[in-house]
Amino acid sequence: MLDVAVIEDPAAAEVCLDPVRARLLAALAEPGSASTLANRVGLTRQKVNYHLHALERVGLVELVEERRKGNMTERVMQATAASYVISPAALAPVAPDPDQAPDQLSARWLLALGARLVREVGELITGSRAAKQPLATFAVDSEIRFASAADRAAFAAELTRSLAGLVERYHDEHSPGGRRHRLVVGLHPSLVAPASGPAAPATLPDAARPELTKE
């Protein structure tokens, strides 16, 4: 069972977006049968079986074992991953293209970059699994608190200069054994969980609101 799987197939995306099937996927982080799931999600065994077959057809759940119970065979299923991300490849005709309007100060461009990241890394994971080869990736996740918008702008400028220097130092256009890698860096205000509880929408701190982007 994978920690995270990327859904690239439009049919699989459509199936998992059904609220009942999403609940079943979550429940199947641990193996279960239609009977055990029916008690947990409050549905009849027949309805659970119907949804399980739909999930199995698109590869989101898989058979773990079969058990004989009297004159019946109980099928024990498990989700193929603990969590899922839907790739923009599943919506190819309307997938964002960050090459269309690159703009470092645009939140929508940052979103387009993130969408491309999901699509490309998803395809790389699929290819590496098929080839049974490891996939070399690297990621950094951090949080920084700026005293002012001026400090944030200064940080962005210094980061840009530092990255440009690193790229210039290590980029080799002509090495016969080289392979291109994509580098994406994003900066955005952190969301603040509301004090009223998790049901309310997350908000931005007042100090983060001005001059977030051009949009």
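Please go through (1) within 30 Å of Gly127 (Cβ to Cβ); (2) open to solvent by less than 40 Å² (accessible area, probe 1.4 Å) for Val6 and return the number of the only condition it doesn't satisfy.
(2)
Scanning for something part of a loop (DSSP other than H, G, I, E, B) and in contact with a Pro (Cβ under 8 Å, 6 or more places away or on another chain), does segment 83-101 turn up at least one residue?
Applying the first criterion (part of a loop (DSSP other than H, G, I, E, B)) to segment 83-101 yields 87, 95-101.
Filter once more, keeping what is in contact with a Pro (Cβ under 8 Å, 6 or more places away or on another chain): 95-96.
Within segment 83-101 (the criterion being part of a loop (DSSP other than H, G, I, E, B) and in contact with a Pro (Cβ under 8 Å, 6 or more places away or on another chain)), the answer is yes, since at least one residue qualifies.
Condition (residue is open to solvent by 40 Å² or more (accessible area, probe 1.4 Å), within 30 Å of Val121 (Cα to Cα) and either among the aliphatic types (A, V, I, L, M) or over 27 Å from the mean Cα position of the chain (by Cα) (or both)) applied to segment 27-43: is it met by at least one residue?
No - not one qualifying residue is present in segment 27-43.
Residue check, Glu74 against (1) open to solvent by 70 Å² or more (accessible area, probe 1.4 Å); (2) outside any helix (DSSP H, G or I); (3) charged (D, E, K, R), all met but one. Which one?
Single failed check for Glu74: (1).
Can you report the number of residues in segment 94-151 which are of a type in the set (Lys, Arg) and in contact (Cβ under 8 Å) with a residue 12 or more places away in the chain? If you could, list the steps in order and put the result at the bottom.
So in segment 94-151, the residues of a type in the set (Lys, Arg) come out as 108, 116, 119, 129, 132, 145.
Applying the additional criterion that residues be in contact (Cβ under 8 Å) with a residue 12 or more places away in the chain yields 108, 116, 119.
The total comes to 3.
Might you check whether a residue that is assigned to a loop (DSSP other than H, G, I, E, B) and open to solvent by less than 70 Å² (accessible area, probe 1.4 Å) occurs anywhere in segment 45-57?
Checked segment 45-57: no residue is assigned to a loop (DSSP other than H, G, I, E, B) and open to solvent by less than 70 Å² (accessible area, probe 1.4 Å).
Rundown of residues vs (1) part of a helix (DSSP H, G or I); (2) modelled with pLDDT under 90; (3) open to solvent by 100 Å² or more (accessible area, probe 1.4 Å), yes/no style:
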{"position": "Gln104", "(1), (2), (3)": "no, no, yes"}
{"position": "Ala115", "(1), (2), (3)": "yes, no, no"}
{"position": "Val121", "(1), (2), (3)": "yes, no, no"}
{"position": "Ser128", "(1), (2), (3)": "yes, no, no"}
{"position": "Gln133", "(1), (2), (3)": "no, no, yes"}
{"position": "Ala136", "(1), (2), (3)": "no, no, no"}
{"position": "Asp141", "(1), (2), (3)": "no, no, yes"}
{"position": "Phe146", "(1), (2), (3)": "no, no, no"}
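The values are calculated or read from the model by the stated rules, or taken from the named source; none is laboratory data. Bear in mind the structure is a predicted one, so any value in this text is a computation, not a measurement. Cβ coordinates were reconstructed from backbone atoms using ideal geometry, including for glycine residues, and neighbour counts include every protein chain displayed. To get the accessible areas, we keep the full protein, side chains included, count just its heavy atoms, and leave off ligands, DNA and RNA. Shrake-Rupley method; radii C 1.70, N 1.55, O 1.52, S 1.80 Å.
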